[in-house]
């Protein structure tokens, strides 16, 4: 039930608040005069999660006058209604559009353009469902015009749009920070695995500066103190495949089972949320996991074969499914924390992908593929130092990722609450008085 602040909301249709809808087009690419201008021209492929990305192509005024493309004014809504259907943006400038896109000129006396942008994020998903199972690939104009929308008074629309846009900006900034941190991490991991960390906690100088500190190896130049070994030589016993249980046997009680979708950046995520299976004592003993076991995804699409994770400290029994291989390392040779860093690295990924056997929709690796992986081996103390240095940047990446996920979750919740009137949006007193006048 709506309170006094939301009782002024009214239900209308998209067609009633759109002054006009403008189609686009593609100027013939074999006419140079159409493509030597300064007007940005976009297709559905130019949209990002936060709007329109970098401009790739520009058209001329001649193209605008002579072809089906049209220019949409800055600040108006852009909706991808064909290829890439459902993407949305506010025009960042006067911009020409392809036939994929519909430009929406909203009636500003009824609706704030930013509010409509946020509201239609939900709307396009609902419109897309209308044509599921048909040959139609896009949003039909008639469905769009009839689409129902609840509208609060304009001051509330503007406040809602401000709140959601502020969250969008925070999410975008966090994503940029994550990308920057990931780049720093990639550079650090390269240095750690080529230069190592000395007893005084410093990276060795690069080989170009101190060639006497390095030697050639099957994996390139490495510090003289390091060795190269096969991964199999670092293991206790043979890598073991997990237990097969059909999806129909997954349940909410029993023993938790690690599946391939549980792997994330070298870790098992959301352990408390894992599916469970009923197992006998022998199965639990045979397929049980221990803290610091290393798990390798052995069957998946080619890009994901070889993805790995380390088992965290366990508070309950845990087993693993058949598409995963369990490896237990000999700690006298290889520390588990160093091992997972190596398994998640570029050289290991290349090894597994080069050895993978492809089937119709999947690829796979076997125990020999895992055992034959070459590993750079510093001594135990240096492995520990490298792992500790890597854990700092890993913790930063994890914190930023969780922060971003929290912002996205907050935004989704707020979108539902604010755009449906479930939660009232308080206005500054001066605006509230003006709205009531």
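Each value in this text was obtained by applying a stated rule to the coordinates, not by laboratory testing. This structure is a prediction, so every number in the text was calculated from the model and none was measured. Please note: Cβ atoms are built from the backbone with ideal geometry, for glycine as well, and neighbour counts cover all protein chains shown.
Helix 380-420 and the long axis of the chain differ in direction by around 20°, with both axes built from C-alpha atoms. Distance between the 7 Å Cα→Cβ label points at residue 38 and residue 359: 5.9 nm.
Using a 10 angstrom cutoff on alpha carbons, build the Gaussian network for the chain and name the most mobile of 45, 89, 390. Looking only at 45, 89, 390, the biggest GNM fluctuation is shown by 45.
Stretched out straight at 0.36 nm per residue, the stretch from residue 347 to residue 392 would grow longer than its current Cα-Cα span by 14.0 nm. Rounded to the nearest 5, what % of the DSSP beta bridges within region 10-151 are antiparallel ones? The answer is about 90 percent antiparallel. When DSSP beta bridges are restricted to pairs lying wholly in the chain, around 85% turn out antiparallel. Report note on the peptides 72-85, 333-346: ranked by the mean count of other C-beta atoms within 10 Å, highest first, their order is 333-346, 72-85. So what's the angle, to the nearest 10 degrees on a 0 to 90 scale, between helix 154-195 and the longest Cα principal axis of the chain? Roughly 20 degrees, rounded to the nearest 10. Each 5 Å bin from zero up to the one holding the largest Cα-Cα distance in region 10-151 carries the following percent of pairs: 2, 10, 20, 23, 19, 13, 8, 4, 1, 0. When 416, 403, 351, 118 are sorted by how many other C-beta atoms sit within 10 angstrom of their C-beta, beginning with the fewest, the order is 416, 403, 351, 118.
Adding -39500 (n - 2.57) for every DSSP H run of four residues or longer, then dividing by how many residues the chain holds, sets the calculated 222 nm ellipticity at -11500 deg cm²/dmol.
Set the Cα radius of gyration of the chain against 2.2 N^0.38 Å, with N its number of residues, and you get 1.28. For region 119-173, what does the alpha-carbon gyration tensor say about shape, rounded, prolate or oblate, given a ≥ b ≥ c as the root eigenvalues, a/c under 1.5 as rounded, and a/b over b/c as prolate? Because a/c hits 1.5 or more and a/b fails to exceed b/c, region 119-173 counts as oblate.
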